[in-house]
Amino acid sequence: DWCAPCKQLSPIIEELAGTYGDRMVFAKVDTNANTRVAAEQGIMSLPTIQVWQGGQLVKSLQGGKTKKALVKIVEEFVA
């Protein structure tokens, strides 16, 4: 609950999941409750957005992003 940029990003991610969820899986991880996942992924700042394809990490972004920027990234991988 303490990550303000995460709170701002959450409704955008929910909207993108509704729009693109048939072509891409969206997941959120609470790094406080899942510290092992954060450590394994080398997540050092929040929010962190990762795009995985074929079991491989193909893109990692840190910090708040605009809806426009996120749509561009999603469309890069679902096209």
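The table below gives the values:
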item	result
Per DSSP, loop trypsin sites (Lys or Arg not before Pro) in the range 1-65 with at most 16 further Cβ within 10 Å	R23, K28
Cβ-based charge dipole, the chain, positive-most Cα from I73, N34, A17	I73
Over the range 4-74 - Rg/Rh using Cα atoms and the Kirkwood inverse-distance radius	0.93
Folded to 0 to 90 degrees: helix 67-78 orientation relative to the chain principal axis, Cα	70
Length gained when the stretch K68-M24 is fully extended (0.36 nm per residue, less Cα-Cα span)	14.1 nm
Percentage relative contact order, the range 4-74, counting C-alpha pairs under 8 Å, at least six apart	31
Cα-centre dipole for the chain with unit charges at Cβ (Lys and Arg positive, Asp and Glu negative), debye to 20	200
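Quick note: the coordinates plus some simple rules give every number you see, no bench work behind them. Keep in mind the model is a prediction, meaning the values are calculated, not measured. Note: ideal-geometry Cβ built from the backbone for every residue, glycine included; neighbour counts use all protein chains shown.
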